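*Asks:* Dropping the structure in here first, questions after.
The values are calculated or read from the model by the stated rules, or taken from the named source; none is laboratory data. Model, not experiment: these values are computed from the prediction. Cβ placement follows ideal geometry from the backbone for every residue including glycine, while neighbour counts extend to all protein chains displayed.
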Amino acid sequence: MRVACLFILVSFLTAFNDRAAEGARILGSKSHYIVGSALMKALAKRGHEVTVISPFPMKKPLPNYRDITTDIWDATEPITSNMLSFAEKGIFESIKETYRYGHTVTNETLKQPAVVKLLTSNEKFDLIVMEAFMNDAMLGFAHHFNAPCIGMSTFGASKWTTDLVGTPAPPSYVPNPFLAFTDHMSFKERLINTVMGVTEALVVRFIDQPVQSEIYQKAFPDPKPPLSELKKTAVSAVLLNNHFSTSYPRPYVTGMIEVGGMHINRNPKSLPADIQSFMDNATDGVIYFSMGSNIKSKDLPPAKRDAFLNVFSKLKQKVLWKWEDENLPSKPDNVRIQSWWPQDDILAHPNMRVFITHGGLLSTTEALYHGVPVIGIPVFGDQYLNMAKAERGGYGLSVPYLEISEEHLFTAINAMLGDIKYKQNAQVISQRYRDQPQAPLDLAVFWVEYVIRHNGAKHIRTASMDLSFVQYHNLDVLAILLGVPLLVFHLSARFLCRKKSIKPSRNDDRKKRN
């Protein structure tokens, strides 16, 4: 089947076209690119013509896959220059900055000359695929090209995705991704979780939606429906980078599909010879340390950096450290630095012992697939939630960023190296995660083609998308069920009181007889 699709991912836009290889994908985080490009490459290999607008053009050309390189770094640099600063901010300040990032990326993406050119072209698309991550304005592509839409989340389930297809998220046992709660919450935690959900809904309604609507109005030509209406009708399904075996069981509607880890190599690639030799010769094992693609280790304050160096120098294990600079002062001989590592394949090496991570969903997913325990240093977003899962699951330990010290790090690393239970727990979850009837990437490809085959698959759309808040929560029905008996009781009580007040007394009866 040769079809045309347009793929959008926050700062990430991809297209497949049956008439010509045109389209776009724009990406701000390389980790997001890794997930999205896995799906795009798979679709291209199946004959779909894919064009990608991205800051990360492919080094080797792939048939049916065309890159259009973009640059949005200048606009996002003020926000992403030092992501470690997020750890020092309060939760609401972090949420505010996260939305500011989303607005900036969305606006800059839609202003890119290549994207503007695409919107003024005569391209025809059979499907829009877009990441749902504070970029609702990009739903305009679905209307503009008159094509069905699939959402994709590298973040897992969140309000940005659940609202698109009507998936319920009961605050009693579904923790907010900005909170480090589990699915078993105390009364206090359920209260905080509920308040957080209400706050997030208010932020979306009164802060995010007006900005997204303004961006949408400016970027897409008329005539077009209001963004609030488009959001209810545009999306057919959502692909989630998540899986219940590595998360918590929760309700999903038919159109929300878990394809967590679709980017992971089921057959690990060969490592570069120097890395392979380094790891093969690590008789006491290897520790891999990476803070992800957005957070840079080189931005660590000297005291925290030295704490890591002092601890690593005392270990028998070798260390691979994602360090975004050519020099690392006082680097021990057992530590090797590099600005980017083939993380998935490194984690697959049998000598891997511990992964020190920021706790991002991609990193923790890869670690669990390969059965590697993690030490997490969460900084923002869902990293706190992911590490809460790791600690509860017995395959991870958290070291809060603000509490990083030589003693704290040494204790955590030695606890994990000295207790086999962390490795065993990670391997148990790995076995559960791998036990699937279909590879996640194959499942993702199936649903992309399913939605195309069935012209948007409107038959899987839940009726909840057509209900108001009052109707969805049955508040009108509850009002009747509770209100009518209360009204009857109230009227009955008033009647009895009135009857009692007008009943003649015995003295009145005697006066009448006399």
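Residue by residue, here is whether (1) of a type in the set (Gly, Ala, Ser); (2) over 20 Å from LEU127 (Cβ atoms); (3) in the same structural domain as GLY360 (by TED's automatic domain parsing); (4) at pLDDT below 70 holds:
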{"position": "SER29", "(1), (2), (3), (4)": "yes, yes, no, yes"}
{"position": "VAL35", "(1), (2), (3), (4)": "no, no, no, no"}
{"position": "ALA38", "(1), (2), (3), (4)": "yes, no, no, no"}
{"position": "SER94", "(1), (2), (3), (4)": "yes, yes, no, no"}
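*Asks:* Here is a list: ALA114, ALA44, ALA132, ALA75. Which entry is at pLDDT 70 or above, within 21 Å of the chain's Cα centre (by Cα) and not acidic (Asp, Glu)?
*Replies:* Result of the check over ALA114, ALA44, ALA132, ALA75: ALA132.
*Asks:* So, one more: Of the numbered conditions (1) more than 27 Å from TRP340 (Cβ to Cβ); (2) in contact with a Pro (Cβ under 8 Å, 6 or more places away or on another chain), PHE220 fails exactly one; give the number of that condition.
*Replies:* If we test PHE220 against (1) more than 27 Å from TRP340 (Cβ to Cβ); (2) in contact with a Pro (Cβ under 8 Å, 6 or more places away or on another chain), just (2) comes out false.
*Asks:* A follow-up question, please. Looking for something assigned to a helix (DSSP H, G or I), of a type in the set (Lys, Arg), free of Cβ contacts under 8 Å to residues at least 60 places away in the same chain and farther than 28 Å from PHE380 by Cβ - is there at least one such residue anywhere in segment 116-123?
*Replies:* yes
*Asks:* Here is a check on your reading of the model: is THR167 part of a helix (DSSP H, G or I) and either closer than 29 Å to GLY360 by Cα or of a type in the set (A, V, I, L, M, F, W, C) (or both)?
*Replies:* no
Yes/no per residue for (1) free of Cβ contacts under 8 Å to residues at least 24 places away in the same chain; (2) acidic (Asp, Glu):
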residue: ASN327; (1), (2): yes, no
residue: TRP341; (1), (2): no, no
residue: ASP345; (1), (2): no, yes
residue: GLU366; (1), (2): no, yes
residue: PRO378; (1), (2): no, no
residue: GLU403; (1), (2): yes, yes
residue: ALA415; (1), (2): yes, no
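*Asks:* Does PRO485 satisfy being on the phi < 0 side of the Ramachandran plot and modelled with pLDDT of 85 or more?
*Replies:* Answer is yes for this residue.
*Asks:* Let me ask something else. Return the pairs, sorted by first residue and then second, in which the second residue is of a type outside the set (Asp, Glu) and exposed (fewer than 14 other Cβ atoms within 10 Å of the Cβ), the first residue lies in segment 432-460 and is within 13 Å of GLY261 (Cα to Cα), the beta carbons are less than 7 Å apart, and the residues are 6+ apart or on different chains.
*Replies:* Final answer for the pair search is ALA439/ARG266.
*Asks:* In segment 260-296, what residues are at pLDDT 90 or above and at positive phi?
*Replies:* Hits for segment 260-296 are GLY261, GLY285.
*Asks:* Another question, then. Does segment 295-302 contain at least one residue that is part of a helix (DSSP H, G or I), in contact with a Lys or Arg (Cβ under 8 Å, 6 or more places away or on another chain) and of a type in the set (S, T, N, Q)?
*Replies:* Yes, segment 295-302 contains at least one residue that is part of a helix (DSSP H, G or I), in contact with a Lys or Arg (Cβ under 8 Å, 6 or more places away or on another chain) and of a type in the set (S, T, N, Q).
*Asks:* From the list THR120, THR154, THR182, exactly one residue is modelled with pLDDT under 85, farther than 29 Å from GLN471 by Cα and not aromatic (Phe, Trp, Tyr). Which is it?
*Replies:* Testing whether each residue is modelled with pLDDT under 85, farther than 29 Å from GLN471 by Cα and not aromatic (Phe, Trp, Tyr) leaves just THR154.
*Asks:* Determine if segment 185-192 includes at least one residue that is outside the structural domain of HIS358 (by TED's automatic domain parsing) and within 30 Å of ALA444 (Cα to Cα).
*Replies:* Within segment 185-192, none of the residues are outside the structural domain of HIS358 (by TED's automatic domain parsing) and within 30 Å of ALA444 (Cα to Cα).
*Asks:* So, one more: I'd like the residue in segment 364-409 that is hydroxyl-bearing (Ser, Thr, Tyr), crowded, with 22+ Cβ neighbours inside 10 Å and touching a Gly at 6+ places or on another chain (Cβ under 6 Å) and, out of all such residues, is nearest to PRO302 (Cα to Cα).
*Replies:* THR365
*Asks:* Right, here's the next one. Would you check if there is a residue in segment 412-432 being assigned to a loop (DSSP other than H, G, I, E, B) and in contact with a strand residue (DSSP E or B) (Cβ under 9 Å, 6 or more places away or on another chain)?
*Replies:* No.
*Asks:* Counting just the residues of segment 40-62 that are part of a strand (DSSP E or B) and of a type outside the set (A, V, I, L, M, F, W, C), which one comes out surrounded by the fewest Cβ atoms within 10 Å (Cβ to Cβ)?
*Replies:* This residue is SER54.
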